[in-house]
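S.K.: Submitted below is the structure of interest, expressed as structure tokens.
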Amino acid sequence: MLKKVAILANGGDVSGFNAVIRAIIKTAENKNIECYGFIDGYRGLLKNDIIKLGTSSKDNAVGILPKGGSIIGSSTNANVFHYPVEENGQTVYKDLSDKCVQNIKDDEIDCLFTLGGDATQKSARDLSLKGINVIGVPKTIDNDVACTEITFGYNTAVSVAADAIDRLHSTGETHHRIMVLEVMGRYAGWIALESAIAGGADVALIPEIPFDIHSAARKIINRKNRGKSFSIVVVSEGAKPLGGDIQIRGMRNNGEGVDNIKLGGIGEVVAKQLEELTGLEARCTVLGYMQRGGSPTAFDRVLSTKYGAKAMSLALEEKFNVLTVIKDGKLNYVPLEDVVGNNKVIGAVSGNTAESNIRKIKMDDELVKTARDIGINLGD
């Protein structure tokens, strides 16, 4: 019998965190189960920084459905299996997961809900191997969590990007410029491709297709020759040229911990190259954190609520160590082992490695075909 459950939100913030939290709490309350939250993700779990959550009139989870961010915070660099610790003035990395396991036992938590992406669910799988009952909920604006068709937060990010493209159309057309929009998407180009389609862009450069800048330039020159003196180019932050590599802006903690490479700058590179090749002025806009913040779309509110309610229902059925997913358009679940894929080593860093199992765009995806059908240049 479940008596107490806890939630942690981990990784970059997205719109929909609070909607998932609310759905878990409400479903738990309907079954007289107490619900708690660990503050700031896995870091809060390690510190045992925990609060009780509720949706009664004076509780802390009232009115949070349209609210962006996470009422219980989140952490972006907290791999408890490889955690930074200061010793003798130097930073060393240690496996502190046993402390987390003990905290969960001391708090008498019967199930831990982990709201997060690839790295979050990797740690969830690793905790499950230590005897903790875990249920994951797939979160990321990049839409790259394995085994599910869509993650919460993604639709809001695409909507923000599409709105930005609409606005860039006005400036581009007025001043006869190439308007480049750099969007998030480290290793998967879902945001770039779908927002490009939604916003009527002319070029979309994504991580899955190393681009030839001359191909993109030819597309723009052809438009110019047909009397269209402006173009819209959407670039994923993880896009890279043929024979080249991704643009790295910096690195946290010398790359230790989680995936600490900071991407950024490819938009400016593309804008400069296109200006030189086409003779048109080019300007770059980096959308950045605008994609992650603010109120979720109606779609994300519903999706997040469905995910949260399903997660709690799975806990009531004692189906643990799984990830809630959308499969064939319907709510379902898969073992966390399937989500991890070949990344089996406990504590291993997640990310764009041969062992990781992140969901990238395949060349036979309908979005790719649609983009090509309507004339969007993909840089190849």
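The values are calculated or read from the model by the stated rules, or taken from the named source; none is laboratory data. Please read all numbers here as calculations on a predicted model, not as lab measurements. Neighbour counts run over all protein chains shown; Cβ positions are idealised from the backbone, glycine included.
S.K.: Conditions first: (1) of a type outside the set (F, W, Y); (2) surrounded by fewer than 20 Cβ atoms within 10 Å (Cβ to Cβ); (3) under 22 Å from R186 (Cβ atoms). V368 passes all but one, so which condition is the exception?
M.R.: Exception for V368: condition (2).
S.K.: From the list D59, D40, which one is among the charged types (D, E, K, R) and buried (at least 19 other Cβ atoms within 10 Å of the Cβ)?
M.R.: D40
S.K.: Any residue at all in the stretch 138-146 that's assigned by TED's automatic domain parsing to the domain that holds G11 and surrounded by fewer than 24 Cβ atoms within 10 Å (Cβ to Cβ)? Before you say what the answer is, go through the steps one by one.
M.R.: Going residue by residue through the stretch 138-146, those that are assigned by TED's automatic domain parsing to the domain that holds G11 are 138-146.
This time we only want the ones that are surrounded by fewer than 24 Cβ atoms within 10 Å (Cβ to Cβ), so: 146.
Yes, that holds for at least one residue.
S.K.: Hey, another quick one. From D142, D118, which residue is at pLDDT below 95 and either within 14 Å of the chain's Cα centre (by Cα) or among the aliphatic types (A, V, I, L, M) (or both)? Give the steps one after another, and end with the answer.
M.R.: Details: D142 fails: at pLDDT below 95.
None of the others qualify; the one that does is D118.
Quick grid of which residues meet (1) in a loop (DSSP other than H, G, I, E, B); (2) modelled with pLDDT of 95 or more:
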| position | (1), (2) |
| --- | --- |
| Y36 | no, yes |
| K52 | no, yes |
| S57 | yes, no |
| K67 | yes, yes |
| N77 | yes, no |
| V85 | no, no |
| Y93 | no, no |
| D98 | no, yes |
| Q102 | no, yes |
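S.K.: State yes or no: is T91 among the hydroxyl-bearing types (S, T, Y) and crowded, with 17+ Cβ neighbours inside 10 Å?
M.R.: It is false that T91 is among the hydroxyl-bearing types (S, T, Y) and crowded, with 17+ Cβ neighbours inside 10 Å.
S.K.: Something else about it: Identify, please: which residue in the stretch 19-33 is aliphatic (A, V, I, L, M) and either part of a helix (DSSP H, G or I) or buried (at least 21 other Cβ atoms within 10 Å of the Cβ) (or both) and is, among those, farthest from the chain's Cα centre (by Cα)?
M.R.: Taking the stretch 19-33 and keeping what is aliphatic (A, V, I, L, M), we get 19-21, 23-25, 28, 33.
Now restrict to residues that are either part of a helix (DSSP H, G or I) or buried (at least 21 other Cβ atoms within 10 Å of the Cβ) (or both): 19-21, 23-25, 28.
Details: A19: 16, V20: 15, I21: 17, A23: 20, I24: 20, I25: 23, A28: 26 Å.
Among them, the one singled out is A28.
S.K.: Do we find that K67 is charged (D, E, K, R) and more than 19 Å from the chain's Cα centre (by Cα) in this structure?
M.R.: Values: charged (D, E, K, R): yes; more than 19 Å from the chain's Cα centre (by Cα): no.
When the stated conditions are applied, K67 does not pass them.
S.K.: Starting from the stretch 103-115, take each residue that is in contact (Cβ under 8 Å) with a residue 24 or more places away in the chain and of a type outside the set (A, V, I, L, M) and list its partners that are part of a loop (DSSP other than H, G, I, E, B) and buried (at least 16 other Cβ atoms within 10 Å of the Cβ), counting only C-beta distances under 7 angstrom and pairs at least six apart or across chains.
M.R.: D110/L2; D110/N133; C111/L2; C111/N133; C111/F320; T114/N10
S.K.: Taking the stated definitions as given, is G172 touching a residue at least 24 places away in the same chain (Cβ under 8 Å) and closer than 30 Å to S70 by Cβ?
M.R.: Values: touching a residue at least 24 places away in the same chain (Cβ under 8 Å): yes; closer than 30 Å to S70 by Cβ: no.
Answer is no for this residue.
S.K.: May I ask you to say which residue of S195, S215, S236, S170 is crowded, with 24+ Cβ neighbours inside 10 Å and over 30 Å from H82 (Cβ atoms)? Spell out the reasoning first.
M.R.: Working: S215 fails: crowded, with 24+ Cβ neighbours inside 10 Å; S236 fails: over 30 Å from H82 (Cβ atoms); S170 fails: crowded, with 24+ Cβ neighbours inside 10 Å.
Step by step, each of S195, S215, S236, S170 is checked, and only S195 is crowded, with 24+ Cβ neighbours inside 10 Å and over 30 Å from H82 (Cβ atoms).
S.K.: Keeping to the stretch 342-361, report how many residues are over 24 Å from S236 (Cα atoms) and loosely packed, with under 15 Cβ neighbours inside 10 Å.
M.R.: Number of matching residues: 3.
S.K.: To continue, here is another question. For the stretch 1-20, enumerate the residues that are within 19 Å of D110 (Cα to Cα) and touching a helix residue (DSSP H, G or I) at 6+ places or on another chain (Cβ under 7 Å).
M.R.: Step one: filter the stretch 1-20 for residues within 19 Å of D110 (Cα to Cα), giving 1-9, 20.
L2, V5, I7, L8, A9, V20, listed by residue number.
S.K.: Which of the following residues is among the basic types (K, R) and touching an Asp or Glu at 6+ places or on another chain (Cβ under 7 Å): K26, K3, K67, K31? Show your work before the answer.
M.R.: Details: K26 fails: touching an Asp or Glu at 6+ places or on another chain (Cβ under 7 Å); K67 fails: touching an Asp or Glu at 6+ places or on another chain (Cβ under 7 Å); K31 fails: touching an Asp or Glu at 6+ places or on another chain (Cβ under 7 Å).
K3 is the lone residue from the list that is among the basic types (K, R) and touching an Asp or Glu at 6+ places or on another chain (Cβ under 7 Å).
S.K.: Among the listed residues L274, L263, which satisfies the condition of being closer than 26 Å to Q121 by Cα and modelled with pLDDT of 85 or more? So that I can check it myself, show each step before the final result.
M.R.: On the way: L274 fails: closer than 26 Å to Q121 by Cα.
Exactly one of L274, L263 is closer than 26 Å to Q121 by Cα and modelled with pLDDT of 85 or more, namely L263.
S.K.: Would you pick out the residues in the stretch 28-75 that are over 24 Å from T140 (Cβ atoms) and touching a Pro at 6+ places or on another chain (Cβ under 9 Å)?
M.R.: Once the filter is applied, which keeps residues that are over 24 Å from T140 (Cβ atoms) and touching a Pro at 6+ places or on another chain (Cβ under 9 Å), the stretch 28-75 yields nothing.
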